[in-house]
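The values are calculated or read from the model by the stated rules, or taken from the named source; none is laboratory data. Bear in mind the structure is a predicted one, so any value in this text is a computation, not a measurement. In this analysis, Cβ positions are derived from the backbone assuming ideal geometry, glycine residues included, and neighbour counts consider all displayed protein chains. Ligands, DNA and RNA are stripped out before the accessible areas are found, and what is left, the full protein with its side chains, is counted by its heavy atoms. Shrake-Rupley method; radii C 1.70, N 1.55, O 1.52, S 1.80 Å.
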Amino acid sequence: LDLSRSTGNCFLTGSPGSYRNVVSRGQWCLLNASNKETYKNADHSSGKFYFQSSQPLRKNTTSLQITSVGQLAHNFSAWSTQTTKSFHTSPSFQAAPVPLFWLIVKPAQKLFAIILGRSIRNWWKALPPNKRDLFKESARKNKWKIFLGVSSLGVLFIMFYFTHLEETPITGRARLLVFGKEHFMQLSQMEYDMWMEEFKSKMLPETDARYQVVERVVGHLSESNKDVPQVSALNWTIHVVDEPGVNAFVLPNGQVFVFTGLLNAVSDIHQLSFILGHEIAHAVLEHAAEKASLVHFLDFLSLIFLTMIWAICPRDSLAVVGQWVQSKLQEFMFDRPYSRTLEAEADKVGLQFAAKACVDVRASSVFWQQMELAETIQGQPKLPEWLSTHPSHENRAEHLDRLIPEALKIRERCNCPSLSGPDPRLIFKLNMQHLLESSKDNENPNSTKPKMDFSHT
């Protein structure tokens, strides 16, 4: 099946009939012999190494395909694809349920804090000097009572936090979870209706070959991991959207959305399986509910600081600056680092899901190296990772490389077929070496150094 709009090469193999006869091995592996052969045969079936890369969440995408290393420098010099820093594969919907109530209350809370803080400041300014002195003297006399009151409030917040800690499925990590699953199912249905309305004219039919590929990959991932209760509990429904953006996301209720731009960006079925495994992991680990819980908890705490800022600052302009500084500190010290933690966890669990499905897990880090390469070729500045909600491409690839040995052991325990052909990471490295040599030769046209050809590697 061809996933590229510009070429006729075959990347994915297998047929709907090959996804049957699921064999159960205790509580660990749920595999299919035909599927094992499908993933095995999809590995370097043409004797050439392909990869494509396109920009995330932008239009007018141009795909890059390398059919041999000898053509690498030429293809790179002609490439006009735009890339961005992060490959966003998760929807940024952080509304806190119970659904519509919190959507309305959240801005009202901030407005109330601003009005309250400003009223306290104006009241203090209007007080005569002698009354101000009386209040200060009273505060000094009752400082221990004030301290105990503030401490009691802090203890209440701490108790609330620790009494709402739950264990994350699979990884066992402790996390704050304020909202129940039923609330997020309501919110998921609302968000699902919104996306269906937006993409109703762009949905691919079930007869489309691209739809069938995504359906088979998701079906195989879910069947191979149905020993995980959270996977088997959801009804995974596929939606393929004819959009150029490199994007995919899974709602907490199991609704899977994949853009055709992603299908054009991946090299093979292994990369696609890992990415969809990553998205399924987000849903299984309930990251949407977890992130909304943390955001709601931090927002409630920030109301106290927001009130203090508007009460202490002598002018509204300074209060606005103080409010902006407070929001940025919360964003860069808590929100974004936490988001990167969730992405790394989804990478880890998604790689495990892919390994149990007999995917070539080594291809996972190659995808992010391709994204890093695309960014470098376009000369885009490398922003510090702390500015992003996702790990950098380079760090993501390195993190996956550290996880791959354990994922390969999972494949062995699941009796997956041996990986044939060279390591895709090695092939990518050889391609990059040849690219550098070709670039040097182009800069020095009089060089007589023989050119290396890895086109048959």
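Tabulated results
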| read-out | value |
| --- | --- |
| Unique residue being touching a residue at least 40 places away in the same chain (Cβ under 8 Å), out of contact with any helix residue (DSSP H, G or I) (no Cβ under 7 Å at 6 or more places or on another chain) and at negative phi when the list is LEU351, LEU373 | LEU373 |
| Filtered residues of the stretch 163-180 (kept if open to solvent by 50 Å² or more (accessible area, probe 1.4 Å) and assigned to a loop (DSSP other than H, G, I, E, B)) | HIS164, ILE170, THR171, ARG173 |
| Residues of the stretch 139-162 satisfying the condition of being more than 22 Å from PHE305 (Cβ to Cβ) and surrounded by 11 or more Cβ atoms within 10 Å (Cβ to Cβ) | ASN142 |
| Test: residue in the stretch 210-221 that is open to solvent by 40 Å² or more (accessible area, probe 1.4 Å), part of a helix (DSSP H, G or I) and touching a helix residue (DSSP H, G or I) at 6+ places or on another chain (Cβ under 6 Å) | yes |
| Positions within the stretch 343-387 being open to solvent by 10 Å² or more (accessible area, probe 1.4 Å) and outside any helix (DSSP H, G or I), in sequence order | ARG362, GLN378, GLY379, GLN380, PRO381, LYS382, LEU383, PRO384 |
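Each row is one residue, and each column tells you yes or no for (1) in contact with a helix residue (DSSP H, G or I) (Cβ under 6 Å, 6 or more places away or on another chain); (2) open to solvent by less than 10 Å² (accessible area, probe 1.4 Å); (3) in contact (Cβ under 8 Å) with a residue 12 or more places away in the chain.
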site	(1), (2), (3)
GLN255	yes, no, yes
ASN264	no, no, yes
ASP299	no, no, yes
ALA319	yes, yes, yes
